[in-house]
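Shown below is the structure under consideration.
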């Protein structure tokens, strides 16, 4: 046996608070990697309720990598929340019709930063909010109740509103090696065999994993 079954909705038997959400998300524009879990005692299977303003006609995707830990109440704001900002009013008159649709903005007039992408082995704390189009690198940590408005580098800790750099988890050389090793892409047998090295902080030992 090599770890939890990634196709099991609730890998901790008798504890439905933890859910491998790859198995419950139905929206094709939400892509979840193996072993990524959402922790919520109210309804851990219904992660999609936390992805807000995600309208199919916009086409933006939420992409979350493997082995991510998402705490209760994490929210992802998608591009459907955006309003036109280069005029005097940001009010969306056009959505109410009855003559107001004449000022319907074109897609290129609305703020758009592309897909929201969360890397692998990312820990996102309680009630953190990720804004549209943000890219979070592998191994990053987002502190509880943070509002992330800009990209987060790999293996960086950020926190606050707006989220600010707190510290880098490891030195530049170790981070480069970690990104090259990309242990999350190993087969699960190799991951299981090398767990002690993955959760330790000896970069040379990790490089030598077989």
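Readers should treat all values here as calculations from the given coordinates under stated rules, not as data from a laboratory. Please read all numbers here as calculations on a predicted model, not as lab measurements. Cβ placement follows ideal geometry from the backbone for every residue including glycine, while neighbour counts extend to all protein chains displayed.
Please rank 72, 167, fewest neighbouring Cβ atoms within 10 Å first, as an exposure proxy. The partial results should precede the final answer.
Working: 72 16, 167 9.
Ordered by Cβ neighbours within 10 Å, fewest first: 167, 72.
Just the Kirkwood number for the chain, please: inverse of mean 1/r across all distinct Cα pairs, in Å, one decimal.
The Cα-based Kirkwood calculation yields 18.7 Å.
Can you grab the distance from the C-alpha centre of the range 161-200 to the C-alpha centre of the range 68-136, Å, no decimals?
Cα centroid to Cα centroid, the span is 29 Å.
So for the range 171-210, Kirkwood radius off the Cα pairs, Stokes-Einstein at 10 °C and 1.306 mPa s: how many µm² s⁻¹?
Translational D for this selection: 155 µm²/s.
In what sequence do 63, 124 fall when counting other Cβ within 10 Å, fewest first?
By the 10 Å Cβ count, ascending: 63, 124.
Moving on. Can you tell me what share of the DSSP beta bridges in the chain is antiparallel? A percent to the nearest 5 is fine.
Of the beta bridges lying entirely in the chain, close to 25 percent run antiparallel.
Arrange the following residues from fewest to most other Cβ atoms within 10 Å of their Cβ: 145, 66.
145, 66
Taking the Cα atoms only, what angle lies between the long axis of helix 172-181 and the longest principal axis of the chain, rounded to 10 degrees?
Tilt relative to the chain: about 90 degrees.
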